[in-house]
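**Student:** This is the structure I have questions about; it appears just below.
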Amino acid sequence: LFLPSPLSVARSLISLLASGDVVPDCLATLGRVFTGFVVAVAIGVPLGATMGLSHSVKESLEPSVEILRSVPTTALLPLFMLMFGIGNKSVIALITVPCIWTLTINTMYGVANGNKIRRDIAHLYKASQIQVLAFVVIPDALPFVVAGLRLAMAVALHMAIAAEMLTGSRVGLGRRLFDAQLLLRVPELYALLFITGAIGYGLTRFWLPLEDRVVHWSGR
């Protein structure tokens, strides 16, 4: 019952893909993932850059960021449900929050730990603050930022599945997984896990060539 044969899982997977019944769930989950990811980028990257550029801002905000980052995101679900109701907004909020902290920390360390020698040389040659930022700070920080984006995308998928289970979404891979477990459709459960893993792998593979092109100087 709990460990079906690979053949039965394969049949269930083929049935799901052939019927197209799982496509709306995949699209709903991916839509929530990308929405939460975009919101997190809009908040986390500027926040991390500001903390990395200003020591005083970092000193004042870092304790709050570390405390909030330590709170399990699923523990915030009751608060989000009070604020946004039971629905898509709560799911997106649950996806967005952990991604914000991932991007904030990566961006902050990328900006703060840039190459000091290059900065000193730029200042020695009378480069303006804008030039230092554009040609020294940002190129040094981009590998950290892009790595943070890849990590945040993976976190977004994890949280989307969990949020869809916890909030009782009408559509989504998390809901399908939860329904399969409740109805003891175990081969379908494994097939859905395989689909979820394939989506996660596809998202990771999407970022790797992008990293090679955008930050081709990383490590050189």
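The values are calculated or read from the model by the stated rules, or taken from the named source; none is laboratory data. These numbers were taken from a predicted model, which means no experiment stands behind them. Note that each Cβ is placed from the backbone with ideal geometry, even for glycine, and that neighbours are counted across all protein chains shown. To get the accessible areas, we keep the full protein, side chains included, count just its heavy atoms, and leave off ligands, DNA and RNA. Shrake-Rupley method; radii C 1.70, N 1.55, O 1.52, S 1.80 Å.
**Student:** Can you tell me how many residues within segment 105-130 are of a type in the set (V, I, T) and either open to solvent by less than 60 Å² (accessible area, probe 1.4 Å) or in a loop (DSSP other than H, G, I, E, B) (or both)?
**Tutor:** So the count comes out to 3.
**Student:** In the set L193, L189, L177, L133, which member is open to solvent by 50 Å² or more (accessible area, probe 1.4 Å), in a helix (DSSP H, G or I) and either touching a helix residue (DSSP H, G or I) at 6+ places or on another chain (Cβ under 7 Å) or at pLDDT 90 or above (or both)?
**Tutor:** Numbers: L189 fails: open to solvent by 50 Å² or more (accessible area, probe 1.4 Å); L177 fails: open to solvent by 50 Å² or more (accessible area, probe 1.4 Å); L133 fails: either touching a helix residue (DSSP H, G or I) at 6+ places or on another chain (Cβ under 7 Å) or at pLDDT 90 or above (or both).
It is L193.
**Student:** What is the residue count in segment 182-202 for residues that are among the hydrophobic types (A, V, I, L, M, F, W, C) and within 20 Å of the chain's Cα centre (by Cα)?
**Tutor:** 5
**Student:** Another question about this same structure. For residues that are closer than 25 Å to G172 by Cα and in a loop (DSSP other than H, G, I, E, B), scanning just segment 1-58, find the one that is modelled with the lowest pLDDT.
**Tutor:** If we take residues in segment 1-58 being closer than 25 Å to G172 by Cα and in a loop (DSSP other than H, G, I, E, B), then L1 is modelled with the lowest pLDDT.
**Student:** Then there is this: Step by step: first the residues of segment 196-208, then only those that are open to solvent by less than 60 Å² (accessible area, probe 1.4 Å) and not hydrophobic (A, V, I, L, M, F, W, C), then the one that is modelled with the lowest pLDDT. Which residue is that? Walk me through it before giving the result.
**Tutor:** Just the residues of segment 196-208 that are open to solvent by less than 60 Å² (accessible area, probe 1.4 Å), to begin with: 196-200, 202-204, 207-208.
Narrowing the set further to residues that are not hydrophobic (A, V, I, L, M, F, W, C) leaves 196-197, 200, 202, 204.
Working: T196: 94, G197: 93, G200: 92, G202: 91, T204: 84.
Checked segment 196-208; the qualifying residue modelled with the lowest pLDDT is T204.
**Student:** Hey, another quick one. F84 - would you say it is aromatic (F, W, Y), open to solvent by less than 60 Å² (accessible area, probe 1.4 Å) and farther than 23 Å from L142 by Cα?
**Tutor:** no
**Student:** Checking A163 against (1) part of a helix (DSSP H, G or I); (2) more than 21 Å from the chain's Cα centre (by Cα), which test does it fail?
**Tutor:** (2)
**Student:** Which of the residues spanning segment 40-78 are over 22 Å from I105 (Cβ atoms) and exposed (fewer than 13 other Cβ atoms within 10 Å of the Cβ)?
**Tutor:** The answer is P78, and nothing else.
**Student:** Another one. Inside segment 102-130, can you point out the residues that are at pLDDT 85 or above and of a type in the set (S, T, Y)?
**Tutor:** Hits for segment 102-130 are T102, T104, T107, Y109.
**Student:** Just give me the residues in segment 77-96 being among the hydrophobic types (A, V, I, L, M, F, W, C), within 12 Å of T35 (Cα to Cα) and without any contact (Cβ under 8 Å) to a residue 60 or more places away in the chain, in sequence order.
**Tutor:** Answer for segment 77-96, where residues must be among the hydrophobic types (A, V, I, L, M, F, W, C), within 12 Å of T35 (Cα to Cα) and without any contact (Cβ under 8 Å) to a residue 60 or more places away in the chain: just A93.
**Student:** Any idea which of L142, L151 is surrounded by fewer than 21 Cβ atoms within 10 Å (Cβ to Cβ) and either free of Cβ contacts under 8 Å to residues at least 60 places away in the same chain or polar (S, T, N, Q) (or both)?
**Tutor:** Answer to the check: L151.
**Student:** When you check V171 against the structure, is it at negative phi, outside any helix (DSSP H, G or I) and modelled with pLDDT under 95, yes or no?
**Tutor:** yes
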